[in-house]
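The values are calculated or read from the model by the stated rules, or taken from the named source; none is laboratory data. No experiment lies behind these values; they were computed from the predicted model shown. Here the Cβ is made from the backbone with ideal geometry for all residues, glycine too, and neighbour counts use every protein chain on show. Side chains included, ligands, DNA and RNA excluded: accessible areas come from the protein's heavy atoms. Shrake-Rupley method; radii C 1.70, N 1.55, O 1.52, S 1.80 Å.
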Amino acid sequence: MRAAGTFTVKAFVPTELKPEPDVSTGLPVGVATMEKHFEGEAAGRSATLFTAAFDQMTGVGTYVAMESFEGSLHGREGSFNFVHSATTFGSDRTAEFFTIVPSSGTGELAEISGAGGMAVDADGTHRIWFDYQLV
């Protein structure tokens with residue numbers, strides 16, 4: 001099944017956490033926490049741990065995010081974890097990865113498995129979809 005929706009970032013909070021030992025690279029590595037709110041067939045909220053090596057000026061870099069989602073997919077309530085990453089060269093997304101973490105589901109989503117994806121429309125709308133199965 002596919003559950004699609006849109007999301008907004010309600011909070012993006014950079015942390016002081018830095019990789020140790022300190023290794024100098026062409027792009028700085030940063031860590032932040034995020035809160036997102038979802039609407040549509042995928043509705044709810046998530047808490048995210050976000051790590052990136054990214055240049056704010058050019059929009060070039062790569063991120064990895066681990067999210068804990070609680071809410072519903074097609075009206076089925078529960079929670080689960082999912083992870084995603086992508087690389088951007090300013091206006092595109094490549095090398096995308098997105099998967100639901102096995103054994104992370106609760107409630108009516110307890111047996112969830114699958115994958116998904118994300119996209120950003122030209123007008124800035126953030127879209128998400130979960131291609132999932134429930135055993």
Query raised in the report: Restricting attention to segment 108-135, and to residues there that are of a type in the set (Asp, Glu) and not in a strand (DSSP E or B), which single residue is modelled with the lowest pLDDT?
Result: ASP121
Query raised in the report: When the residues of segment 108-135 are filtered to those that are open to solvent by 70 Å² or more (accessible area, probe 1.4 Å) and of a type outside the set (A, V, I, L, M), which remaining residue is nearest to ALA4 (Cα to Cα)?
Result: ARG127
**Report entry** Residues (surrounded by 14 or more Cβ atoms within 10 Å (Cβ to Cβ) and either assigned to a loop (DSSP other than H, G, I, E, B) or in contact with a Lys or Arg (Cβ under 7 Å, 6 or more places away or on another chain) (or both)) located in segment 94-107
**Finding:** VAL101, SER104, GLY105
Requested in this report: Check off (1) surrounded by 15 or more Cβ atoms within 10 Å (Cβ to Cβ); (2) modelled with pLDDT of 95 or more; (3) among the hydroxyl-bearing types (Ser, Thr, Tyr) for THR88 and give me the number that stays unchecked.
Outcome: (2)
Query raised in the report: Just one of GLU77, GLU111, GLU70 is touching a Leu at 6+ places or on another chain (Cβ under 6 Å) and more than 30 Å from GLY26 (Cβ to Cβ); which is it?
Result: GLU111
Query raised in the report: Out of the residues in segment 35-45 that are more than 12 Å from the chain's Cα centre (by Cα) and of a type in the set (A, V, I, L, M, F, W, C), which is most open to solvent (accessible area, probe 1.4 Å)?
Result: ALA43
Report summary line: For segment 9-21, pairs from a residue that is under 21 Å from THR125 (Cα atoms) and of a type in the set (D, E, K, R) to a residue that is open to solvent by less than 90 Å² (accessible area, probe 1.4 Å) and assigned to a loop (DSSP other than H, G, I, E, B), with Cβ under 6 Å and 6 or more apart or across chains, are none
**Report entry** Residues (modelled with pLDDT of 95 or more, open to solvent by less than 70 Å² (accessible area, probe 1.4 Å) and either within 23 Å of SER72 (Cα to Cα) or part of a loop (DSSP other than H, G, I, E, B) (or both)) located in segment 10-34
**Finding:** ALA11, THR15, THR33, MET34
Query raised in the report: In segment 46-78, which residues are open to solvent by 70 Å² or more (accessible area, probe 1.4 Å) and more than 27 Å from PRO19 (Cβ to Cβ)?
Result: GLU70, HIS74, ARG76, GLU77
